[in-house]
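Undergrad: Before anything else, here's the structure in question.
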Amino acid sequence: MGAAAGGLLRRLAGGLRRTVLALGLLVPAAALAWSNHALISAPALRALPEFAALPALPAEPLEAFLVAQGARLEQVLDQEEVWARAHVHAYAARPDALRYRVAGAADGAELRRRFVAAVRIAPDARLALFVQRGAIGEPDSGRAPLAAREVTTLPHDSTLEATPFVALRAGEPVRPLEIVTSASDEPDYGLDIGLWSDNGTPQGRAYGFGPQPFGNPALAFGTQAPFHMGFFHESRIVYLAAGFLERTYPEYRIHLWKTLAEHALRSGHGYWGWRFAGWAMHYLQDLAQPYHARVLPGVGTVRMLWINTLHLAGWPRLRDEAVTLVSNRHLAFENFQRTVLWAARRDPAPAAALSEALGDAAADPKYDDDSARSGAARRAAAAADALDATLAATLPARYVSDPGFEFGAAEQGIDLEVQLARGNPAGRAALVRALAPRLADAGAYSRALVRSVLATR
């Protein structure tokens, strides 16, 4: 390659890198994949009779679990770190100073602090005893409402119903289906916030993850994005231009929480076994969402290069517009998914196809450590461009085709299920057809994970 050609390629690659870095311009809600994972998990797991029929278990505070474990948990977490260093691409090794140790811990509160540091989640994560109200579509038997601030460190999500949580008392019986379903939404309540060295937090400086690879470090919710997204199936030139995209850690989180789930169940702590399993399920479901498996759905590599050639020449408009449109479609897709599944709780008939997709266990895969990358994420990435085109064709143009409109800033009060049902039933039907296979994958891989956990008890 001549010097001139090599220089051009480097300039184009640098421009592409800046386009991908523009993900940091997305509104913080773009760090979400599915809006309220409980709406997916409950119908998916009801289709697993051997799990849905499990008897209730006593709710257990995390501190009680850690005290009961003693030093046994040290070995589990040491082995998990060995696994992660060997198997997670571009893994940021846990600093040895954070190694979990029980010696010298005065009480359960100190063990909790050490555990939180060892698994590298936000120190202010609530980890309360709770379930999401009506998580499995059944009454909550008089359980007391629990304020959102007791469950999440983030501002209350107005898309959830008022008072969406109910409290559990230590020792109170709770069904595994409720535990997993509620816990499957919990990683979006602040577990992965502020963990990067440039996030301005004590944990970010201590945890060893380095600077945030993409997303906007100034936006709190956006700091969780690299733990919830996995861009494993982009073209080679994208990785050449933006190698930082490989620093994503959903596989690390899935394996960590699944390992802890299996250990807790084997050691007689069923509540935490299924709560950890719900956490693992969250990240696996995230990878089944196309906007978490592709950087810019609907924008091909050649077009990325072209719009960046213009950007390098001083015309950034096309780049900025592409990022805005992908963000708007991402958020609109989540809005439709959430509103249609909430509506299905009130009246299942209009969303029967989605319920059937979530509960169809006929072709469930067998779970292994490669299921996240080569299964859920690969299928989502392959579907991303078609889904993006469907959203552009069916939703109001202002929401998905106007680069001057920001869906996230204007979403309050938008209910796409209601809008389409009233004004564009054909468009609603098209979106249901596009959503159904994505929910089918999320449900299938969720059941596969739970079956795998069940088999290790």
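The values are calculated or read from the model by the stated rules, or taken from the named source; none is laboratory data. Predicted, not measured: the structure shown is a model, and the values here were computed from it. Virtual Cβ from ideal backbone geometry, glycine too; neighbours counted across all protein chains shown.
Undergrad: Out of the residues in the stretch 224-245 that are free of Cβ contacts under 8 Å to residues at least 40 places away in the same chain and touching an Asp or Glu at 6+ places or on another chain (Cβ under 9 Å), which is surrounded by the fewest Cβ atoms within 10 Å (Cβ to Cβ)?
TA: Only one residue tops the list, namely 239.
Undergrad: Also: Tell me the residue from 95, 55 that is more than 22 Å from residue 253 (Cβ to Cβ) and not hydrophobic (A, V, I, L, M, F, W, C), please.
TA: 55
Undergrad: If a residue must be surrounded by 12 or more Cβ atoms within 10 Å (Cβ to Cβ) and either closer than 23 Å to residue 374 by Cβ or in contact with a helix residue (DSSP H, G or I) (Cβ under 7 Å, 6 or more places away or on another chain) (or both), how many such residues does the stretch 74-88 contain?
TA: 8
Undergrad: Residue 373 is checked against (1) modelled with pLDDT of 95 or more; (2) assigned to a loop (DSSP other than H, G, I, E, B) and fails just one. What number does that condition carry?
TA: For residue 373, the exception is condition (2).
Undergrad: Related question: How about the stretch 382-427: which of its residues are surrounded by fewer than 21 Cβ atoms within 10 Å (Cβ to Cβ), over 30 Å from residue 235 (Cβ atoms) and within 25 Å of the chain's Cα centre (by Cα)?
TA: Within the stretch 382-427, 409, 410, 411, 412, 413, 414, 415 qualify.
Undergrad: Further question: Looking only at the stretch 131-138, decide whether some residue is at pLDDT 95 or above, aliphatic (A, V, I, L, M) and out of contact with any Pro (no Cβ under 6 Å at 6 or more places or on another chain).
TA: Scanning the stretch 131-138, I find at least one residue that is at pLDDT 95 or above, aliphatic (A, V, I, L, M) and out of contact with any Pro (no Cβ under 6 Å at 6 or more places or on another chain), so the answer is yes.
Undergrad: A further question on this structure: Keeping to the stretch 348-362, report how many residues are more than 21 Å from residue 426 (Cβ to Cβ) and out of contact with any helix residue (DSSP H, G or I) (no Cβ under 8 Å at 6 or more places or on another chain).
TA: 1
Undergrad: Now for a different question. Quick check: is even one residue across the stretch 246-255 surrounded by fewer than 24 Cβ atoms within 10 Å (Cβ to Cβ) and without any contact (Cβ under 8 Å) to a residue 24 or more places away in the chain?
TA: No: zero hits.
Undergrad: Let me ask something else. When you go through 325, 358, 331, 341 one by one, which is the residue that is modelled with pLDDT of 85 or more, more than 30 Å from residue 135 (Cβ to Cβ) and of a type outside the set (S, T, N, Q)?
TA: 325
Undergrad: Hey, another quick one. Inside the stretch 142-179, can you point out the residues that are over 24 Å from the mean Cα position of the chain (by Cα), modelled with pLDDT under 90 and β-branched (Val, Ile, Thr)?
TA: Hits for the stretch 142-179: nothing passes.
Undergrad: On to the next question. Check off (1) surrounded by 13 or more Cβ atoms within 10 Å (Cβ to Cβ); (2) under 20 Å from residue 208 (Cβ atoms) for residue 127 and give me the number that stays unchecked.
TA: So the condition that residue 127 fails would be (2).
Undergrad: Moving on to the next point. Inspect all residues belonging to the stretch 180-198 and state whether any of them is crowded, with 18+ Cβ neighbours inside 10 Å, at pLDDT below 95, in contact with a Pro (Cβ under 8 Å, 6 or more places away or on another chain) and more than 23 Å from residue 51 (Cβ to Cβ).
TA: no
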